[in-house]
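What follows is one structure encoded as structure tokens, with my remarks underneath.
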Amino acid sequence: MTEPAPTSFRLAYVPGVTPAKWVRIWGERMPDVRLELIAVTAGDAVDLLRGGGADAGLVRLPIDRDGLSVIALYEETPVVVVPKDHLLTAADEMAAADLADEIVLHPHDDTLEWASRPGTAAQHRPDTTADAIELVAAGVGVLVVPQSLARLHHRKDLTYRTVTDAPVSPVALAWPAGTTTDLVEEFVGIVRGRSANSTRGRGGDEPAPKRTASQKAAAKRAAREEAGKIPPQRSGKAGKSAKGRSAPKRGRR
């Protein structure tokens, strides 16, 4: 029995990642399949995908890739979040070394991979980035995060500056390995910028087979006949032998 076509596609996404553009394109190309968005923390995204709670997910690298297919999409610029009246706001950007005298908060959901963390570590690690933002506002320390997270947790009393040599934050699309369905392929095509007519998407047309030289010649002749440039070719060849030579003439009786 043929399984019914799925009517929805579940896409998980971690804080800071904004899938709005891809959701809009999905709606245009796949109006019969509803895209269901599932907000998930960075720490829970992998378990959600492995457990079948979503068909695919927009995640921050690095992650444990075991059992997952992963394609990188883009990298985010790191910034340091500070109070608006902080001395670090005097510059538009800075190096990690400029944070040497600061208490730099390190929440448990942080995904930035530092070779060596700048500044002084706080005595206690906040559980989430949201908690760390509250501590920055209270003057406890500063926080380095991907720029989208700084925008997500925007406050009037805080601002941020680019840290030029801090590790970037790669964003990727991940889904359970071995379950690359037509809908997954369709979404992969969307995030990679393929056109609606791409042959790799579910809605793409099959590529036309290449024609042989004789087929091309026949098509060209047919077009010329249709335009009246040459007389139509007879379907029969009564005056020719099987090998294409003229048949011998019969003598008169």
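Values in this text are rule-based calculations from the coordinates and carry no lab data. Small disclaimer: the values here were computed from a predicted structure and weren't measured. Neighbour counts run over all protein chains shown; Cβ positions are idealised from the backbone, glycine included.
Worth a mention:
- Gyration tensor (alpha-carbon) shape descriptor, the range 78-167, a/c threshold 1.5: rounded
- Efficiency of FRET between ALA130 and THR181 - r from beta-carbon atoms, R0 35 angstrom, step 0.05: 0.55
- Only Cα pairs under 8 Å and 6+ residues apart enter the sum, and on that basis the relative contact order of the range 78-167 stands at 51 percent.
- Taking amide H atoms as placed 1.01 Å from N in the peptide plane, the amide H of VAL142 lies under 5 Å from those of ILE103, VAL104, LEU105, each 5 or more residues away in sequence or on another chain.
- If you take the Cα centroid of the range 110-188 and the Cα centroid of the range 67-100, the two points sit 9 Å apart.
- Residues whose placed amide H lies under 5 Å from that of LEU37, excluding near-sequence neighbours: LEU11
- The HN-Hα couplings worked out from phi for the range 135-146 by the Karplus form 6.51 cos²θ - 1.76 cosθ + 1.60 (θ = phi - 60°) are 5, 4, 5, 7, x, 6, x, 10, 9, 9, 9, x Hz, whole numbers, x standing for Gly and Pro.
- Site pair ASP44 and VAL140 shows an inter-label distance of 2.2 nm when each label is modelled 7 Å from Cα along Cα→Cβ.
- Summarising the amide proton neighbourhood of SER69: residues at separation of 5 or more, or on other chains, whose placed amide H is nearer than 5 Å comprise TRP175, ALA177.
- Here the residues TRP114, TRP26, ranked from fewest to most Cβ neighbours within 10 Å of their Cβ, fall in the order TRP114, TRP26.
- A full extension of the chain between ALA72 and ASP92 corresponds to an added length of 4.3 nm, given 0.36 nm per residue minus the alpha carbon distance.
- Scalar couplings 3J(HN,Hα) for the range 88-104, obtained by applying the Karplus form with A = 6.51, B = -1.76, C = 1.60 to θ = phi - 60°, are 5, 6, 5, 10, 6, 8, 7, 9, 4, 4, 6, 9, 4, 9, 9, 7, 9 Hz; x denotes Gly and Pro.
- Estimated vicinal HN-Hα couplings, Hz - the range 172-177 in sequence order (Karplus 6.51, -1.76, 1.60; Gly, Pro = x): 9, 9, 10, 7, x, 4
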